[in-house]
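Trainee: Input: one structure, supplied below.
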Amino acid sequence: MLIPVRALVSELSKTHQTLSKTKNLHAFIIKTQLSNDPFYATRLSRFYAINNELISAHQLFDKTPQRSIYLWNSIIRAYAKSHLFSDAFALFRRMLSSETKPDSFSFACLLRACSEKADLNWLRIVHGIVVVSGFGLDSICSSALVSAYSKLGRADEASRIFYGILEPDLVLWNSMISGYGCSGNWYKVLELLKRMRTMGMSPDSYTMVGLIMGLTDPSLVRIGESIHGYCLKCGFDSNDHVNSVLVSMYSRFKSLDSACKLFCCLSQPDLVTWSALITGFSQTEQHMLALDFFKKMNMESKKPDPILIASVLAASAQMAMIKPGCEIHGYAIRHGCDLDVMVSSALIDMYAKSGFLELGIQIFKNMPKKNIVSYNALISSLGLYGLATEAFQMFEEVLLEGFRPDGTTFAALLGACCHARLVDAGREYFRRMKDEFGILAETEHYVHTVKLLGMAGELKEAYELAQSLPQPADSAIWGALLTCCDTHEDYELAEIVAECLFKTKPGKSSYRVMLSNVYAGDGRWKDVQNLRADTGNLKGKIPGISWFHGMKSLKM
DNA sequence: ATAGGGTTAG
């Protein structure tokens, strides 16, 4: 009898078990009457949770008479991980009225749930309970709090918690560094790194990941390379997370050569690293290469996940080619993930962008479970085809279904207004987005609205909107406005806008082309010539278009 | 014999 129990313990101490193995273990435990010991129940519920068998996990939980804190935490965590937040919170409430009191790990589970649910209000409530329960300065809770606030874009609140801890441990340092990292605050990342080292902490692979994520500006490419070198020196290059984040950093900087070089050195790149490289090709408009690498990955018999399938579908959508898109659709069906929300949404987008809106709508209708992402895909597709009324209807359905619209929803709606030239509706959605839903207007919202106003000839209003941003407007906004000035032949404003544009992006050739069109349209040959002289290395591009415009204006 | 918190692509 002793031998099988020892074997059982060794099976239970593994990190993963298949569902059938778990069921066998469960039966065995019941037979040997070990099921009263909460240790066994905890391990089993963990295995059930890994296999997405929450019902079995919950039944097990209900049948276990003595519930240890471990068992409570593992079941709460299981629900939180499957994004069944209300169940997780309900269990937490049950726990509060039970004999077992929550510990720091219980709170950490809930805090993570809040950040994954993107629910700032709940985060603040749980934060309050944490403080009241006396865990405000606890290292586990504070690192969970710091990362939760950071992930919801509240680096300021995260830092307040961080600075309240006198002697942060490595995990807390890492949480704060990646908090600043994902908000792109490189200055703060660097400052923290220096401070942590003066306090005698040595960075680990988590620190590196946070650091590298903070490198958002392409001017930091040299620093990225030296961090890469440092990772090699310290042996962090055997860490999958470090490698994937390095590949996506090089992709972000459009240095696909470096990304490939790094990728090729890896003996066993994991799925995330493959994905980082494939989306890197997409981001640099090398969609065909993205699809080639997807094929290559499959040949190495790696099983893709819904996120990767969604991103190759996006690559195919960008090429507006139906064939590879269909192939990937078939592939998704064969792998049983075509009904996944992420994949379905990408399919809607792909079919619409490839000219088959009807197929996209069909996919949407067939989805067993919809979320805001799928509605966003549908709304933007309808908008793309100029079907603004239908897009607006879908927005009403979003509200009716109780989903919360996000920034992408409004970008899609504004895009629909833009295509259908519905100025008043666009103004109204822009206002509601900010006032009613508290969503911060981002570059894409401004681009759509400025374009919408500009095309309708409301150039002054469009210009004022572009100037109303708290920070200098992105070049895409000025670019859109410049085109509108050109079509409405307002050369005076065009000049002002062009100046704003050059301030934001002096080197970009396509804007010079636009400006040269404006000058040519206005018959200002001297300015066209100056621009040409300025742009020596752009052979052919500017002169060609400008001369063509010039000919037109000469004829007049 | 004894478990759980912090990092990654979209």
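Trainee: Where does the charge balance sit around A:Thr207 when Lys and Arg score +1, Asp and Glu -1, over other residues with C-beta under 15 Å from its C-beta?
Mentor: Around A:Thr207, the surrounding residues sum to +1.
Trainee: Rounding to the nearest 20 debye, state how big the charge dipole of chain A is about its Cα centre with +1 on each Lys and Arg Cβ and -1 on each Asp and Glu Cβ.
Mentor: I would put it at about 1320 debye.
Trainee: Obtain the nm distance between the two label points defined at A:Ser238 and A:Asp257 by a simple spin-label model: each point lies 7 Å from its Cα along the Cα-to-C-beta direction.
Mentor: For the pair A:Ser238/A:Asp257, the computed spacing is 3.1 nm.
Trainee: Which links in A:Lys323/A:Lys365; A:Lys117/A:Lys254; A:Lys63/A:Lys101 stretch past 24 Å when you go from one Cα to the other?
Mentor: Violating the 24 Å limit, Cα to Cα: A:Lys117/A:Lys254.
Trainee: Go through the stretch A:383-441 and name the GluC sites (Glu not before Pro) that are in a DSSP coil and have 14 or fewer other Cβ atoms within 10 Å of their Cβ.
Mentor: A:Glu401, A:Glu436
Trainee: Whole Å is fine, so just give me how far the alpha carbon centre of the stretch A:442-466 lies from that of the stretch A:174-199.
Mentor: Computed from Cα coordinates, the inter-centre distance equals 37 Å.
Trainee: Alpha carbon centre of the stretch A:301-326 versus the stretch A:219-245: separation in Å?
Mentor: First find each Cα centre; the distance between them is then 28 Å.
Trainee: So, one more: State the volume of the convex hull built on the alpha-carbon positions of the stretch A:128-283, expressed per residue in Å³ and rounded to an integer.
Mentor: Output value, Cα hull per residue: 117 Å³.
Trainee: Dipole magnitude of the stretch A:33-154 about its Cα centre, charges +1 at Lys/Arg Cβ and -1 at Asp/Glu Cβ only, in debye to the nearest 20?
Mentor: That gives the stretch A:33-154 a dipole magnitude of about 200 debye.
Trainee: Let me know the shape class of the stretch A:74-139, please: from the alpha-carbon gyration tensor, a ≥ b ≥ c as square roots of the eigenvalues, rounded when a/c is under 1.5, otherwise prolate if a/b is greater than b/c, or oblate.
Mentor: Note, shape of the stretch A:74-139 comes out oblate.
Trainee: If each residue of separation counts as 0.36 nm, what is the full-extension length gain between A:Glu300 and A:Glu167 once their alpha-carbon separation is subtracted?
Mentor: Working it through step by step, the gained length comes to 43.2 nm.
Trainee: Counting only heavy atoms of the protein chains, get the accessible area per residue of the stretch A:1-101 (1.4 Å probe) and round it to a whole Å² value.
Mentor: 58
Trainee: If you filter the stretch A:1-86 for trypsin sites (Lys or Arg not before Pro), then keep DSSP loop positions with at most 16 other Cβ within 10 Å, what is left?
Mentor: Filter output for the stretch A:1-86: A:Lys14.
Trainee: Counting other C-beta atoms within 10 Å, and keeping those with at most 14, which DSSP coil trypsin sites (Lys or Arg not before Pro) do you find in the stretch A:316-372?
Mentor: Answer in residue order: A:Lys369.
Trainee: Let me ask something else. Based on the alpha carbons, how large is the Rg to Rh ratio for chain A when Rh follows Kirkwood?
Mentor: 1.02
Trainee: If you don't mind, there's one more thing I want to ask. Just tell me which aspartates and glutamates come within less than 16 Å, Cα to Cα, of A:Lys151; anything on the same chain fewer than 8 places away is out.
Mentor: Answer for A:Lys151, where 16 Å is the Cα cut-off: A:Glu116, A:Asp119, A:Asp406, listed by chain and number.
Trainee: Can I ask one more? Considering Cα pairs under 8 angstrom that are at least six residues apart, work out the relative contact order of chain A and quote it in whole percent.
Mentor: 4
Trainee: For the stretch A:489-504, take each phi angle, set θ = phi - 60°, evaluate the Karplus expression 6.51 cos²θ - 1.76 cosθ + 1.60, and give the result in whole Hz per residue in order, putting x for glycine and proline.
Mentor: 6, 9, 6, 5, 5, 4, 4, 4, 5, 4, 5, 4, 5, 5, 5, 7
Trainee: Right, here's the next one. List the extent of the Cα atoms of the stretch A:1-101 along each of their three principal axes, largest first, rounded to whole Å.
Mentor: 41, 27, 18
Trainee: Taking θ = phi - 60°, what integer Hz values does the Karplus form 6.51 cos²θ - 1.76 cosθ + 1.60 yield along the stretch A:411-419, in sequence order, with x for Gly and Pro?
Mentor: 4, 5, 5, 5, x, 4, 4, 4, 5
Trainee: For the stretch A:1-101, which whole-number percentage of the solvent-accessible area (1.4 Å probe, protein heavy atoms only) is attributable to carbon and sulfur atoms?
Mentor: Here it works out to 57 percent.
The values are calculated or read from the model by the stated rules, or taken from the named source; none is laboratory data. Remember, predicted model here, so these are calculated numbers, not experimental data. Don't worry about glycine lacking a Cβ; one is built from the backbone with ideal geometry, like all the others, and counts go over all protein chains shown. Heavy atoms of the whole protein, side chains included, go into the accessibility calculation; ligands, DNA and RNA do not. Shrake-Rupley method; radii C 1.70, N 1.55, O 1.52, S 1.80 Å.
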